[in-house]
Structures are given as structure tokens and as C-alpha cells.
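Worksheet for the structure shown next.
The values are calculated or read from the model by the stated rules, or taken from the named source; none is laboratory data. What you are looking at is a predicted structure, and each value in this text was computed from that prediction instead of being measured. Note that we place each Cβ from the backbone using ideal geometry, even for glycine, and neighbour counts take in every protein chain shown.
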Amino acid sequence: MERGWPTWVLLHGIAKSNKNVVLSPWEFFSQQITLMNPAISPLCFGRLIWLLVSHEGRRYRVIAFTYLTAFTEFVVMHGKNYYLAPAYPMLFAAGGVAFERIFALRMRWLKPAIAFLVVASAAVFAPVVLPILSPEKLLAYMRAIHFEAPRTETSHTAALPQLFADQFGWEEMVRSVARVYASMPANEQKLAAIFCQNYGEAGAIDFFGPKYGLPPALSGHQNYFYWGPGNYAGEIMIVLDDDATDEREQFRSVEDLGMVESSPWAMPWEQRLHIFVCRDLKIPLRELWPKVRVWL
């Protein structure tokens, strides 16, 4: 609670932006069926109804209200379809209990049939949610089963579903930054901060960076903003961005050292990043820091 209500702040910012695909209640609901495995959805939503209307389920009705409250919040505030995923284990548990009670004394033959259906459905969808196939084979498989992953962001134009596209290009990007950092004199390296536009880029620097001798990243995106600028003063900053409009307003010197290396399977905007070496920040970094906050 020290930082307020971060999920609410995130959704409020998204609702005012054009970042996420806006889904109707029915579209959001139908995508929940796809996300959880269509074979399991009757068990899950059947138990939701049981929790709401049955006398026996009254004791656990708060589970249903919690789910419906979160569902409504994400629809109204344009949340992504997978934001609701953490709510399903409690519905799965409730559905599992109901399943056992229904088939304990009658129609026992349905138990292995339903189990087979669930496993078979999971096997069909596994390649589109787990990194089992190469990108080329994954796209061919999706065409073969006539499956198209729902878009969650309006700017998503990658060939792969964003779930997979967001896993490509990171180490190539970090190597590009490392080459720039290594080319600096030792005295400049001690002063140089690496600033990224989002937590994906910053996380890649923090994950792969130690192998290449890079310092931790800075960013104004979500939790990175709260971690602040550290001891950096802004004398020298290596900035990842797709253009230098903001940087030229903030620094007295901006040098474009070209685009990062990436993967053809990465998200398009990550492939378009340039590396800017910025020197002589016009105002103290701590004074600038509140202005770099991004909560989308």
C-alpha cells in the first residue's frame, strides 16, 4: 500500500490510452475460454454458477464475487485478456470438487472420457502457448489448426503472437549496447547510465548485462520508476529510443550510434530502437525523474 494501488493506476492509464485492444464483454469472455483450455471451461464456469445460485455454494460465494469484480474491472478499463488468469485456480478447485461429487456414484464412465478430452485439448493447444516449436513451424502449425492468437495490443504487427515475439531479440539488443559502452573511456563508463523506455528493455539489460559488463538499467516504466536514478547525475546516458526528440530537448549533446541488433521475430518496435549517447543533461537527473514516469 506504500505505493498506492498500482494495478488501478495501470488500468486507469491504459483506459485513457490506445495501447490495448478494446474488447466487448463477450469478446473478453470468449477469449477466457480459449486461454484456459476450451475443454475445461464448462467445468470452470459451471462451478461459477453453482457458487452464485446454490445453497451449498453460499459459503464460498465470495470466490464468485471476486472473479466477477475482476472480470468487470478488466472489461471496463481495457485490460488484456490474460489479466484475469490468476483468478482461475480457485474456480478450477471448486469445479474439481463438483466434478468428483457428480461422478462419484453415477456415470463413472464419463470421468476417463472427460479426462481424455482435457488432455487431448491441452495437447492441441500446447504448441501455441509453450515454446515447443521453432517460429517457422509454429506459424505453420497455427495455420494447420486454423488458430489465430488474439491481439492484446493495438500496435502488435509481429508475425508471431506477442507471447512469443516478446521473447526474441533481447540479448542481441544488449550486445549492441555493450559494444557502445565498451567503446567509452573508463572514466566515462563510470558515469554512464543506461536508460530504457520500458521494463522489457530494462529487464534485458539487467538479465544479460552482467555477462557483458554493463551496469543496471534505469527506466521510468512502472516499478523501475520507483527504483529511481540511483547515484547517476546525468552527465552521460546511453538511451534506447526510436527517435531522439525527447533526448535533444533534455541534453546538450546527443549522438546517434545507430540501430540495435535484433531478431526478425522480435516485436517491431524493439527492432527499430536506436542507441543514443547523450551528454550534459540540462537539469539535475533527480529533478527530471518525475517527468519520465510511464505507467502503461
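So, in the stretch 66-89, exactly how many residues are among the aliphatic types (A, V, I, L, M) and on the phi > 0 side of the Ramachandran plot?
The qualifying residues number 0.
In the stretch 67-107, which residues are of a type outside the set (A, V, I, L, M, F, W, C) and either surrounded by 13 or more Cβ atoms within 10 Å (Cβ to Cβ) or touching a His at 6+ places or on another chain (Cβ under 9 Å) (or both)?
Tyr67, Glu73, His78, Gly79, Lys80, Asn81, Tyr82, Tyr83, Tyr88, Gly95, Gly96
Within the stretch 58-102, can you find the residues that are within 17 Å of Pro42 (Cα to Cα) and small (Gly, Ala, Ser)?
Result: Ala64, Ala85, Ala87, Ala93, Ala94, Gly95, Gly96, Ala98.
Please specify each residue of the stretch 206-226 satisfying the condition of being surrounded by 14 or more Cβ atoms within 10 Å (Cβ to Cβ), out of contact with any Gly (no Cβ under 8 Å at 6 or more places or on another chain) and closer than 15 Å to Arg175 by Cα.
Scanning the stretch 206-226 gives Asp206, Phe208, Gly209, Tyr212, Leu214.
Scan the helices (runs of 4 or more DSSP H) fully inside the stretch 140-224 and keep the ones with 2 or more residues being basic (Lys, Arg) and out of contact with any Cys (no Cβ under 8 Å at 6 or more places or on another chain).
170-182
Has the stretch 197-205 got at least one residue that is at pLDDT 95 or above, acidic (Asp, Glu), surrounded by fewer than 20 Cβ atoms within 10 Å (Cβ to Cβ) and not assigned by TED's automatic domain parsing to the domain that holds His12?
No: zero hits.
Tally the residues that are in a loop (DSSP other than H, G, I, E, B), of a type outside the set (Gly, Ala, Ser) and within 18 Å of Ala202 (Cβ to Cβ), restricting the search to the stretch 262-296.
Of the residues in that region, 6 qualify.
Need pairs with beta-carbon distance below 6 Å; first residue assigned by TED's automatic domain parsing to the domain that holds Tyr232 and within the stretch 279-291, second aliphatic (A, V, I, L, M); sequence gap 6+ or separate chains.
Cβ pairs passing all conditions: Arg279/Ile236; Leu285/Ala233.
So which of Ile63, Ile49, Ile33 ends up being of a type in the set (A, V, I, L, M, F, W, C), surrounded by 18 or more Cβ atoms within 10 Å (Cβ to Cβ) and at negative phi?
Ile63
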